[in-house]
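Encoded as structure tokens, the structure appears first; notes follow it.
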Amino acid sequence: MTMTIIDPTISSAPSRRAGRAHRAPRPSGLDGLRVGLLENTKRNAAVILDALGRGLVEQHGAASLVRRTKKQFALPLSDELLDDLRANCDVVVIGVGDCGSCSAAAVADGIALEAAGVPTAVICTDAFEATSRAMADIKGDPDYPFVLTAHPVANLSRPEIDVRAGELLDAAVQRVTLRREAVA
């Protein structure tokens, strides 16, 4: 029997493996930009990203939302999906890291997108902050600024999701733009 071990900390492309972290240049705002929403198939991830996306369009002038789904939430972002996001999005919001493996993978994906030149906001729940920080350290960016939200997200009702998305809106905008007001 042959066993294959998958390392979630590396991409198949040698040029995208961890090295010195690089963050993408930030736009001054979201007016007229294409915002990618990368959901990871976790329960309520698409719903909260859609609610957040509405706020990005209605309150921050984003021109369009580009919805994509990462089907294997614990594996690294595929090179094809990374290339698709880079070609079709000006900034990307990733969510929701609400377990150990998906939080780590979401942070790794955010760092990979940043290295590809795409400003990215990664949303993780506070229960998995340590896992998220550990992956950021492994990927060469120990201070990677992901967005934390209260755990859990999976069991929120629609009205609770709308409230949570509203609470996350400013932090997500700050992560992908030059805006630097204090985040609560």
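The values are calculated or read from the model by the stated rules, or taken from the named source; none is laboratory data. Nothing here was measured: the structure is a model prediction, and the numbers come from that model. Using ideal geometry, Cβ is built from the backbone for each residue, glycine included, and neighbour counts are taken over all protein chains shown. When the accessible area is computed, the model is the full protein with side chains, heavy atoms only, and any ligands, DNA or RNA have been set aside. Shrake-Rupley method; radii C 1.70, N 1.55, O 1.52, S 1.80 Å.
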Legend entry - Residue within the stretch 24-32 that is of a type in the set (Asp, Glu) and at pLDDT below 95 present: no
Legend entry - Where a residue in the stretch 149-163 is farther than 19 Å from ALA121 by Cα and its partner, wherever it lies, is of a type in the set (Val, Ile, Thr) and at pLDDT 95 or above, with Cβ under 8 Å and at least six apart: LEU156/ILE48; ARG158/VAL47
Inset, instruction - Could you give me the residue pairs with C-beta distances under 8 Å whose first residue belongs to the stretch 123-135 and is touching a residue at least 12 places away in the same chain (Cβ under 8 Å), whose second residue is among the charged types (D, E, K, R) and open to solvent by less than 50 Å² (accessible area, probe 1.4 Å) wherever it lies, and which are 6+ apart or on separate chains? - result: CYS124/ASP98; THR125/ASP98; ALA127/ASP98; PHE128/ASP98
Inset, instruction - Output the number of the condition that SER12 fails; it satisfies all remaining conditions of (1) open to solvent by 70 Å² or more (accessible area, probe 1.4 Å); (2) modelled with pLDDT of 95 or more; (3) among the hydroxyl-bearing types (Ser, Thr, Tyr). - result: (2)
Legend entry - Residues of the stretch 36-59 that turn out to be open to solvent by less than 10 Å² (accessible area, probe 1.4 Å), without any contact (Cβ under 8 Å) to a residue 60 or more places away in the chain and either farther than 21 Å from PRO145 by Cβ or part of a strand (DSSP E or B) (or both), as a count: 1
Inset, instruction - Can you give me the number of residues within the stretch 113-158 that are open to solvent by 30 Å² or more (accessible area, probe 1.4 Å), farther than 17 Å from THR177 by Cα and touching a Pro at 6+ places or on another chain (Cβ under 8 Å)? - result: 2
Inset, instruction - Determine whether the stretch 71-80 contains at least one residue that is open to solvent by less than 50 Å² (accessible area, probe 1.4 Å), over 15 Å from LYS42 (Cα atoms), out of contact with any helix residue (DSSP H, G or I) (no Cβ under 9 Å at 6 or more places or on another chain) and of a type in the set (Asp, Glu). - result: no
Inset, instruction - Report, by residue number, each residue of the stretch 60-87 that is free of Cβ contacts under 8 Å to residues at least 60 places away in the same chain and assigned to a helix (DSSP H, G or I). - result: GLU80, LEU81, ASP83, ASP84, LEU85, ARG86, ALA87
